């Protein structure tokens, strides 16, 4: 009978051969800049990576680069549920807004080629836009242009953008109809995807090529051979990690989007890891060194330094971090670069259930040795004076627009927030309440120096923030004066307002009925929007300015009855 000789029975010369092969492999890995984590580190990180990937589900691709070496990769879940195709190093993900760093790099490349400068004005390249105030490339890069976000404008029009086959040309047509801005250029910062769609068009006009053609050459020069902005959904090169949501069961959907620059970049984990190696290892691609080093810094001469060349700058666990998060439908992507540690953590996903940012942060905190360190207070430091439940009822507002409403229901105190289910609260101390089923979510009620009631909110997932109670005397107020129909020329949107009871109104637009509530005598909340009313302004007719997440000062004029 012929059998296999066990490993421990290998002859001396066989062991020499195995030893030689081992050292060859070791040398090969070192030469390629490969290394590994300890067994304990590998186990801990893998446990986090597979946390949100149940059997038979879409999943994640995770990677870590340290000192120019790829020290960890992990793939879990399926790229295609129908054919049971596993996620692998060949799987291409849509990395959403993580793409902005490459749009910015294309701008830097054209600046190096002396085809552009940061001070070039938008209208010199795209003269059909109606903005009367000058806007520079620098302001587009840093989201200080004031240009409204096209996705928010489409949402205002009642359009579900991802169900459309829209291109950059469609975005430009909508932006060309806008004659006002969110704010004066350079005045403040407000993230807007429109900025990077416009930058993509600037790249095309300055280079004389399509944006895809120019960036494809750039990616080839960087050795990112599986990376491309996809401006034609019918020609996206496979294999794709298809996107899936889960509403009791996994369901996919067809991706038909064609706009690029702000996102719609498809790539693989190995390509992104190579990109991180290029950033970390100053000896790689010496001809690109100056440009890439510049791309990792704030934009020179910018009005603010929190956002640069498609990158955000901040701190994590008291460590400087360069990062970006991206999400489009079920696709999610995030990276965190720690320049002082020469460390990058990356996570990609095609699952609507995966919390990639939380996952990435847990891995980063562990590797930094700061997984027990918090950047902020998780609870009030001390108790305050007693406040009765009836005193704290009402609407509270944060300066940034966040609204909390505390109501009584079924003899309990509830918190109501837009887009979420009401949550029941329980008293923890004289002035501190917490969510019944998530005790980490705490609300501390106090009075400020002027005697106004405020609530400070604590949770392990964010820094504390404070909202102030809105107090309005409604005695003798004429609620009917805002009833009527209002029209915005820039979007073609018409809204009909009807007073129902007290501060409550019915607002109808895009064939949908919504409910609005007056917060003050001239300010109304309608879902995620706020309407700021005035009685007489343009042409002596009433109207309002609408503000949303990434759109401001959208003027609606009251139509004559």
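Computed from the coordinates by the stated procedures, all read-outs in this text should not be read as laboratory data. Quantities reported herein were computed from a predicted structural model and do not represent experimental measurements. Glycine also receives a Cβ, built like all others from the backbone with ideal geometry; neighbour counts cover every protein chain displayed.
Counting other beta carbons within 10 Å of each residue's own, what order do 477, 396 fall into, fewest first?
477, 396
Tell me the mean residue ellipticity at 222 nm calculated for the chain from its helices only (DSSP H runs of n ≥ 4, each -39500 (n - 2.57), averaged over every residue, nearest 500).
Numbers: 13 runs with 131 residues, N = 561.
Counting only the DSSP helices, I get -7000 deg cm²/dmol.
Among 378-386, 111-119, how do they line up by average Cβ neighbours within 10 Å per residue, starting with the highest?
111-119, 378-386
Once you sort the root eigenvalues of the Cα gyration tensor of the stretch 389-469 as a ≥ b ≥ c, which label holds: rounded (a/c under 1.5), prolate (a/b larger than b/c) or oblate (the other case)?
Cα axes put the stretch 389-469 in the rounded bin.
On a 0 to 90° scale, report how tilted helix 211-222 is relative to the longest principal axis of the chain, with both axes built from alpha carbons and the result rounded to the nearest 10.
40
Can you tell me how much longer the chain between residue 217 and residue 237 gets when fully stretched, taken as 0.36 nm per residue apart minus their C-alpha distance, in nm with one decimal?
Separation in residues times 0.36 nm, less the Cα-Cα distance, equals 5.5 nm.
Relative contact order for the chain: what percent, with Cα pairs under 8 Å and sequence separation of 6 or more?
It rounds to 13 percent for the chain.
Using the basic label-point model (7 angstrom from Cα toward the beta carbon), what is the residue 160 to residue 41 distance in nanometres?
Placing both labels 7 Å beyond Cα along the Cβ direction yields 4.5 nm.
Sticking with the crude label model, points 7 Å out along Cα→Cβ, report the distance from residue 393 to residue 124 in nm, one decimal please.
Distance between the two pseudo-spin positions: 6.1 nm.
Between the stretch 199-218 and the stretch 127-194, what is the C-alpha centre distance in whole Å?
19
Report the gain in length on full extension from residue 411 to residue 114: 0.36 nm times residue separation, minus Cα-Cα distance, nm rounded to one decimal.
Details: separation 297, 0.36 × 297 = 106.92 nm, distance 6.88 nm.
Between residue 411 and residue 114, full extension yields 100.0 nm more.
Would you mind getting me the FRET efficiency between residue 340 and residue 475? Use the beta-carbon distance for r and R0 = 45 Å, nearest 0.05. All intermediate terms of the calculation are to be shown ahead of the outcome.
Values: r = 59 Å, r/R0 = 1.31.
Computed FRET efficiency for residue 340 and residue 475 comes out at 0.15.
How compact is the stretch 158-210 by the rule of thumb for globular proteins, expressed as Cα Rg over 2.2 N^0.38 Å?
1.31
Label 7 Å along Cα→Cβ of residue 177; the stretch 135-168 residues with amide nitrogen under 18 Å?
Answer for the stretch 135-168: 147-168.
Given a cut-off of under 8 Å on Cα pairs at least six residues apart, what relative contact order in percent is computed for the stretch 479-558?
Once normalised by length, the contact order is 21 percent.
Rounded to two decimals, what ratio of Rg to Rh does the stretch 237-279 give with C-alpha atoms and a Kirkwood Rh?
Checking Rg against Rh, the ratio lands at 1.08.
Looking at the chain, send over the antiparallel percent of its DSSP beta bridges, to the nearest 5.
95
How big is the stretch 225-379 by the Kirkwood estimate over distinct Cα pairs, in Å?
By the Kirkwood definition, the hydrodynamic radius is 17.6 Å.
Principal axes first, then extents: for the Cα atoms of the stretch 479-558, list largest minus smallest coordinate on each axis, whole Å, largest first.
Result, largest extent first: 30, 26, 21 Å.
For residue 374 and residue 436 in the same chain, what is the full-extension length gain: residue separation times 0.36 nm, less their Cα-Cα distance, in nm?
Details: separation 62, 0.36 × 62 = 22.32 nm, distance 2.31 nm.
Using 0.36 nm per residue and subtracting the Cα-Cα distance, I get 20.0 nm.
If the label point is 7 Å along Cα→Cβ of residue 225, which residues in the stretch 75-108 have backbone nitrogen under 16 Å from it?
89-92
Which of these values of Rg and Dmax of the Cα atoms in Å was calculated from the structure shown: [x] 25.4, 83; [y] 27.1, 103; [z] 26.6, 88?
Looking at Rg and Dmax of the Cα atoms in Å for this model, the match is [y].
What distance in nm separates the simple spin-label points at residue 296 and residue 494, each placed 7 Å from Cα in the Cβ direction?
5.6
As I understand it, the value is the acute angle between the Cα axis of helix 269-280 and the longest principal axis of the Cα atoms of the chain; what does it come to in degrees, rounded to 10?
Roughly 90 degrees, rounded to the nearest 10.
What is the angle, in °, between the Cα long axis of helix 39-49 and the longest principal axis of the Cα atoms in the chain? Nearest 10 is fine, range 0 to 90.
Result, in degrees: 40.
What's log10 of I(q)/I(0) for the stretch 93-367 at q = 0.11, 0.12, 0.15 Å⁻¹, Debye sum over Cα points only, no solvent?
The Debye formula, applied to the Cα set alone, gives -0.61, -0.74, -1.20.
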